Every structure is written in C-alpha cells, then in structure tokens.
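Heads up: the structure comes next, in structure tokens.
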Amino acid sequence: MAITLVNPSGLPEVGAYRQVSVATGSRLVFVAGQVAWDADGTTVGPGDLAAQVERCYLNVATALSAVGGSFADVAKLTVYVVDWTPDKMPLFLEGVARAAAELGATPVPPGTLVGVAALDIPEHLVEVEATAVLDA
C-alpha cells in the first residue's frame, strides 16, 4: 500500500481523520470534486446533508476504482460544505459512516473541511475532492 496514516503524538486524535499521511507510491491521482450526482447526473438527497456526503464519498470511491485505487490510497481529502456550522457535524459524520458501511472501510485520511457560500448548483450541499497515491 502506498499510503501510511499517522496520528503523531503531540497532536489531537480526531476520529474522523488522521493528521498525517505518508505517500510512497509513484502514481499521483487527483480526483475532481465529487458532488451528490448519480451516474445519470441526477442529484441524490436534495436538502439531505448526510445523503449527499454519502453519495460524494461513494463517487470518490468510484473514481478511484476506475484507476485501480481505493480509499486506502487517499493521501488527502478536501470537503466543501455549503453554509457550514459545527452543529452539522453529526449529519456529516453520518454520511461518512454510511459510505464506509457500503465500502467496507472507513475513509480517514487527513482532510480539510471548508465552509462555502455555494457550490455549482443550489441543490448541492457538499463536494469532496481527493488526492491519492498508487503503487506503479
């Protein structure tokens, strides 16, 4: 595996992600921001943050699979959430947990969550982009 996830001593352990990833592979993969679209381009879960987070993570997994990767290869996630406030964290984590249950693994690479005013269309509440490293 090309990615090792680490929680260094001296930094808090956060259940939703690890603080550091060490990449040793040779193929860098950049996954465009994934929104809550199904394969036909229909928005999944309008108004439902948990459903949209789940769909975004599943879409990232689909993109990674297409190039021979998985969430185990993700070095960093960036998540954009419309009108983010800390009280939305339980819904966000519910969506991650639902995706993890479907994927059979919990995606916990280092990540950044950014609150934004809007995304591409008003129905989209979240967008997830990934950087992964694969062995040759």
Quiz item: Among the numbered criteria (1) open to solvent by 50 Å² or more (accessible area, probe 1.4 Å); (2) in contact with a helix residue (DSSP H, G or I) (Cβ under 8 Å, 6 or more places away or on another chain); (3) closer than 20 Å to A136 by Cα, which single criterion is violated by T106?
Solution: (3)
Exercise. Taking only the range 70-88 into account, find how many residues are outside any strand (DSSP E or B) and more than 14 Å from the chain's Cα centre (by Cα).
Key: 6
Quiz item: In this structure, is G95 assigned to a loop (DSSP other than H, G, I, E, B) and under 30 Å from D135 (Cβ atoms)?
Solution: no
Exercise. Taking L58 as the residue in question, decide whether it is in contact (Cβ under 8 Å) with a residue 40 or more places away in the chain, among the hydrophobic types (A, V, I, L, M, F, W, C), under 20 Å from A100 (Cα atoms) and part of a strand (DSSP E or B).
Key: no
Quiz item: Taking into account only those residues within the range 51-89 that are crowded, with 21+ Cβ neighbours inside 10 Å and polar (S, T, N, Q), which is farthest from V133 (Cα to Cα)?
Solution: Q52
Quiz item: For the range 9-40, what are the residues that are open to solvent by 50 Å² or more (accessible area, probe 1.4 Å), free of Cβ contacts under 8 Å to residues at least 40 places away in the same chain and outside any loop (DSSP other than H, G, I, E, B)?
Solution: V22, W37
Quiz item: In the range 98-136, how many are in contact (Cβ under 8 Å) with a residue 60 or more places away in the chain and outside any strand (DSSP E or B)?
Solution: 11
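The values are calculated or read from the model by the stated rules, or taken from the named source; none is laboratory data. All values reported here derive from a predicted model rather than from experimental measurement. FYI the Cβ positions are ideal-geometry reconstructions off the backbone, even for glycines, and counts take in every protein chain you see. Areas reflect the complete protein model, heavy atoms only, side chains present, ligands, DNA and RNA absent. Shrake-Rupley method; radii C 1.70, N 1.55, O 1.52, S 1.80 Å.
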